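No value in this document is a laboratory result; all are computed from the given coordinates. Predicted model only: the values in this text are computed from it and were never measured. Heads up, the Cβs are rebuilt from the backbone with ideal geometry, glycines too, and the neighbour counts pull from every protein chain shown.
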Amino acid sequence: MVSVKAAEAAADVCLKGEGEGLYEKIRKRDITRNDAMLLAENPRLLFRIANELRKETCGDVVTYVVNRNINFTNICVGSCKFCAFRRRASEGYLLSIQEILDKVEEAVRRGAVEICIQGGLHPDFHVENYCEILERIKENFDVHIHAFSPMEVYHAAINSKLCVEDVLMELKAAGLDSMPGTAAEILVDEVRHEICPKKLRTEEWIKIIKTAHRLGIPTTATMMFGHIETVEHRIEHLFLIREIQEETKGFTEFIPLPFMPKNNELGRMVGGRAPSFFECAVVHALARVVLHGLCDNIQASWVKLTPEGAKKMLNFGANDLGGTLMEENISKAAGATSGEYMSPEALECLIREAGRIPRKRNTLYELL
Ligand code: SF4
């Protein structure tokens with residue numbers, strides 16, 4: 001295994017000689033699963049190619065968005081083993097519409113252009129409840145709403161006895177602008193069966209995402225890695241995202257999410273082990289390489305990686321640092337210690353320290 005310093009040095013070296021043929025193949029979007037595996041086993045070459053592709057695609061610009069996260073409830077009927085956030089109805093909270101509006105008002109006043117809303121699977125929530133949140137925000141504020149994971153859409157469909165397409169159409173009509181591609185975890189059912197047996201299956205996640213894209217609702221794509229999955233599972237997940245993107249072009253970005261092992265059953269199952277810096281670097285670099293030419297934006301999550309860790313990922317294929325957030329409850333519950341807010345100034349400072357050029361963007365990656 002290469003050290004952190006060696007990994008950073010490798011990512012910085014210009015690509016010549018070794019691997020040039022593979023690099024050209026990737027540039028032509030001809031990468032195969034075997035190529036990805038070969039690169040995962042040759043991290044120095046992987047890092048060099050990922051850094052080169054990032055330079056070619058995004059230059060030195062690193063983007064971020066001024067946004068606010070709102071976790072409107074932690075009451076959840078789910079049973080994901082990696083979750084430290086959910087509570088039973090008797091112990092949890094559910095924000096009122098007014099409390100949500102107050103948070104949006106504060107965010108907009110502080111310059112937020114995106115409101116990100118996600119929560120637990122509240123047993124009494126039907127499509128009308130999700131729509132009410134959207135409608136009330138849109139009635140009062142001109143702001144992009146990035147909300148509700150595929151699992152929440154699935155939950156709304158079951159509770160409301162509707163198909164997912166009808167739910168998505170209602171959400172869009174109520175003001176949904178885009179969706180987080182969370183609840184993806186690892187898109188391989190044998191892994192999902194172990195870590196989140198009650199969550200929607202891979203096929204259902206794909207169906208909701210593709211339907212959203214078809215209806216004009218762009219989404220992000222995520223992968224939670226560093227628990228019980230293998231390198232093959234990660235590559236399978238990345239190629240699945242790639243195949244969806246080839247078909248729909250509806251993903252705005254890909255966000256690798258390192259597993260947070262505190263206060264949850266999965267963390268205990270893996271002995272409290274979180275993915276190392278090296279593993280994180282490999283996953284970010286693989287994402288850049290596998291998605292090259294299809295999804296230009298690879299985000300490093302400062303909440304999960306720490307701000308310093310996210311800054312370092314800019315050498316391994318990442319070109320975006322995500323949002324200011326203002327509030328974050330899900331990762332914090334599972335042991336994240338990076339805080340809940342990074343000001344635009346702090347994010348810009350981090351980007352400049354990495355020798356890059358900071359630029360504010362909106363959810364759809366238009367520079368502001
Ligand atoms: S991850 Fe989401 S769906 Fe799963 S238990 Fe936690 S809050 Fe519920």
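Before moving on, here are some points about what is shown:
- Per the Debye formula on identical point scatterers at the alpha carbon atoms of segment 92-201, with no solvent, log10 I(q)/I(0) at q = 0.10 Å⁻¹ is -0.31.
- Segment 130-209: trypsin sites (Lys or Arg not before Pro) in DSSP loop, at most 14 other beta carbons within 10 Å: LYS161, LYS198, ARG201
- Under a 5 Å amide H cut-off, with hydrogens placed 1.01 Å from N, GLY322 pairs with VAL65, ALA300 among residues at least 5 apart or on other chains.
- Ratio Rg/Rh, restricted to the chain and using Cα atoms, in which Rh is the Kirkwood radius: 0.95
- Taking Lys and Arg as +1 and Asp and Glu as -1, the other residues whose beta-carbon sits under 12 Å from that of GLU232 total -2.
- Rh (Kirkwood; distinct C-alpha pairs) - segment 254-337, Å: 13.3 Å
- Label-point separation, ILE158 to ASN362 (7 Å along Cα→Cβ), nm: 3.5 nm
- Bridge orientation summary for segment 59-361: considering DSSP beta bridges with both residues in this region, about 5 percent are antiparallel.
- Surrounding net charge for THR63, when Lys and Arg each add one and Asp and Glu each subtract one, Cβ distance under 9 Å: +2
- Under 5 Å from the amide H of MET223 lie the amide H atoms of ILE255, LEU257, each residue being 5 or more positions distant or on a separate chain, with H modelled from the backbone and absent for Pro and chain starts.
- Ignoring the sites themselves, the chain has its longest run without GluC sites (Glu not before Pro) in a DSSP loop having at most 12 other Cβ atoms within 10 Å at 92-365.
- Neighbours of THR202, meaning other residues whose beta-carbon lies under 11 angstrom from its beta-carbon, give a summed charge of -2 when Lys and Arg score +1 and Asp and Glu score -1.
- Distant-in-sequence amide contacts of ILE117, defined by a placed amide H-H separation under 5 Å and a gap of 5 or more residues or a different chain, comprise ILE70, HIS146, ALA147, PHE148.
- Using the Cβ-Cβ distance between ASP30 and THR230 with R0 = 22 Å, the FRET efficiency computed as 1/(1 + (r/R0)^6) comes to roughly 0.35.
- Taking θ as phi - 60° and the Karplus parameters 6.51, -1.76 and 1.60, the scalar couplings of segment 300-315 work out to 9, 8, 5, 5, 7, 8, 6, x, 5, x, 5, 4, 5, 5, 5, 8 Hz in sequence order, x denoting glycine and proline.
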